[in-house]
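Structure first, then comments.
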Amino acid sequence: YVTAAYEAGIVFGRTATTFDPHATITREEMAVMLIRAYEYQARNKVKVAQPSTFNDRESVSSWAQAAVDAASQLGLLKGRGNNIFAPKAPMTRAESAQVIANLLKSK
C-alpha cells in the first residue's frame, strides 16, 4: 500500500532515503496527503478560492498552507474547537477516519 501511495504521488518519505513508517502524522501533513489523494482521485488540481480562516493559520508550515486551505475549502478536514486548526498536533485515529470518510464521499 505504501508503494502504491508513493507511486500515485500521495506520500513521500521524510527524506530521500527514509520513510519513517512509525512516525506520528501531524494535521498539516495529513492535509497535504489528503489533497494529493483528492487530486489523484479527481485527476485535477484543486484551486483554492480563498485562504482558510483558522485563528492559527499563521502556524501552518508554508509547504502545507495551500493544502490546509484546500482541505478546509472542500470540507475534507475541519479544525478543532475555537476555530483552531492545530497544524503541528498529531492526527487522532478518529480524525483520520473522518477525513478518509470525507474523501470517499467527495467522489
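The values are calculated or read from the model by the stated rules, or taken from the named source; none is laboratory data. What you see is a predicted model, and the numbers here were worked out from it, not measured in a lab. Counting neighbours? That spans all protein chains shown, and the Cβs are built from the backbone with ideal geometry, glycine included. Protein only, heavy atoms only, side chains kept; ligands, DNA and RNA dropped before computing areas. Shrake-Rupley method; radii C 1.70, N 1.55, O 1.52, S 1.80 Å.
Kindly provide the helix-only [θ] at 222 nm of the chain, computed as the sum of -39,500 (n - 2.57) over DSSP H runs of four or more divided by all residues, to the nearest 500 deg cm²/dmol?
-12500 deg cm²/dmol, from helical runs alone.
Ligands, DNA and RNA left out, the 1.4 Å accessible surface of the stretch 1-105 is 56% carbon and sulfur atoms.
For the stretch 14-27, backbone phi angles converted through the Karplus equation (6.51, -1.76, 1.60; θ = phi - 60°) give residue-by-residue couplings of 5, 9, 5, 10, 10, 8, 6, x, 9, 6, 6, 9, 7, 5 Hz, Gly and Pro being listed as x. The charge dipole of the chain, taken about its Cα centre with unit charges on the Cβ of Lys, Arg, Asp and Glu (plus for the first two, minus for the last two), comes to roughly 300 debye.
Computed about its Cα centre, the charge dipole of the stretch 1-54 is approximately 220 debye, with only Lys, Arg, Asp and Glu carrying charge at their Cβ.
Shape class of the stretch 1-46 from the alpha-carbon gyration tensor: oblate, with a/c at 1.5 or above and b/c at least as large as a/b. Solvent exposure of the chain, expressed per residue, is 65 Å² of accessible area, with all protein chains present and a 1.4 angstrom probe.
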